[in-house]
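What follows is a single structure, written as structure tokens, with notes after it.
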Amino acid sequence: MQETDPPGPEVAPESSTDQANSTTYAAQLQFDRPPRSIYHFRKQYLGGGETICPNTNFLKGVKWSPDGACFLTASDDNCLRVFDLPAEAYSGQLKSQSVTELHDDTTDSFAAALQVQEGELVYDYAWYSRMHTSDPVSCCFATTSRAHPIHLWDACSGSLRCVYRAYDAADEITAAYSLAFDRQGSRVWAGYNKAIRLFDLSRPGRDCQTITTFQKGQDGQPGIISCLDFSPDDPNLVAAGSYSSVAAVYDAASGSAAFILSGHKGGLTQVKFSADGNFLYTGARKDPDILCWDIRYTSDVVYRLQRDTGDTNQRIQFDIEPMGRHLATGGSDGKVASFDLTTGEPVSTFLAATDTLNGFQFHPYLPLAATASGHRHYPMLEDEDAQGASAKVDNALRVWQYEASWVQLASQDETQ
């Protein structure tokens, strides 16, 4: 692996590999200096929808599409918004935004390309795992919301393609709390109370396979399955977190739990495998620690990454950069904190919002990251407001550009 010049003036999604010499390049991000903001979106998130609280249209994370061509958000107005990444972003020649532009309520960098309205509170959403803009059939995402079945939406037209329904003991529709597509793109996994259901994408409706995660009198994973993630190394390994503060890793082939992991104070909100699949990172609500587990030796936590999330029930999103060496997370303080995964030590922080930073995700291959911010603000009493007790509302989506060097990962000659 060696540092080199970028493969060209523009790095399009399909050109991260130089076809002439079969060389693969990746962006090695520089964490010793803060990234610069290149796009911001606040105007589209102003207001509180139909809720009783004004200025409460906070975001609920942000997710890049697998091909990196667009990014998806959900917010408290129950609206899903898809933003297309402009062509200029692939060149790297972008203008930094001023502090005034970062907090401008009157103008956004550009409008959402697509909006989808859900009927109730959105619990979770996920891109189709094999989505690529060159194949319109693959351009879709799934959502789950309160009292509704799983919806599969067309990311090009915004139309509803199909639904996947689960029913409770009274034969009434029950909503999933979490979603994840398997890496083959054949099934969607959904978390429920004490169960995970697997839906075949080619068979919409109520047919599904059920994995029972907990039964009385037996060991297992109790509570609502709140988050899911698949191993990048082994397609048969899937991690699940629950609001009972317990994580588990399941064998997708047999549906059995390989092991149970306990150590959090609050309910889990995210589980994520490392790039090599050997480690699992877990985060929880009202818990300041992200725990690192070695799934080959699960007797104890490897290390803890501290972040400012001790007093919020929100999902605070974290992500691992494409090279697999650093993890970055949001926090209640509006800062992005980055850690070296080889040591577990912090390497940098920067202020990304004046409100809770609940969403952070790296671009799949470009030196970019997206952040989402905001939380529910309740009306203050007049005397409290007079004392300056009201918090700064910052319901915003931002895209950041890191300084980076292009690294040659492998070539055909080297691997022969």
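Normalising the average separation of contacting C-alpha pairs (under 8 angstrom, six or more residues apart) by the number of residues puts the relative contact order of the range 152-292 at 15 percent. Between S202 and T107, the contour length at 0.36 nm per residue exceeds the Cα-Cα span by 30.0 nm. Taken one residue at a time, the phi angles of the range 286-292 give Karplus couplings (6.51, -1.76, 1.60, θ = phi - 60°) of 6, 9, x, 10, 8, 9, 9 Hz. Gly and Pro are set to x.
May I ask for the net charge around A284, where only other residues with Cβ less than 15 Å from the Cβ of A284 are counted and Lys, Arg are +1 while Asp, Glu are -1?
On the way: positive: K265, K272, R285, K286, R304, R307, R315; negative: D229, D287, D289, D308, D311.
In short, +2.
Sorting 243-249, 295-301, 145-151 by their mean Cβ neighbour count within 10 Å, with the most densely packed peptide first, gives 243-249, 145-151, 295-301. Exceedance of the 25 Å cut-off in Cα-Cα distance is limited, within the set K265/K335; K43/K335; K272/K392; K43/K265; K60/K392; K63/K216, to K272/K392; K43/K265; K63/K216. Rg over Rh for the range 30-415 works out to 0.95, using Cα positions for both radii and the Kirkwood form for Rh. Each Cα pair under 8 Å and six or more residues apart adds its sequence gap; the mean of these over the residue count of the range 30-415 is a relative contact order of 15 percent. From the alpha carbon centroid of the range 142-198 to that of the range 256-297 is 23 Å. Principal semi-axes of the equivalent ellipsoid, √(5λ) from the alpha carbon gyration tensor of the range 197-260, are 20, 15, 11 Å from largest down. Computed over the range 153-244, the percent of Cα pairs more than 17 Å apart is 53.
Every number here is computed from the coordinates shown, using simple stated rules; none is lab data. Small disclaimer: the values here were computed from a predicted structure and weren't measured. So basically every Cβ, Gly included, is an ideal-geometry build from the backbone, and we count neighbours across all protein chains shown.
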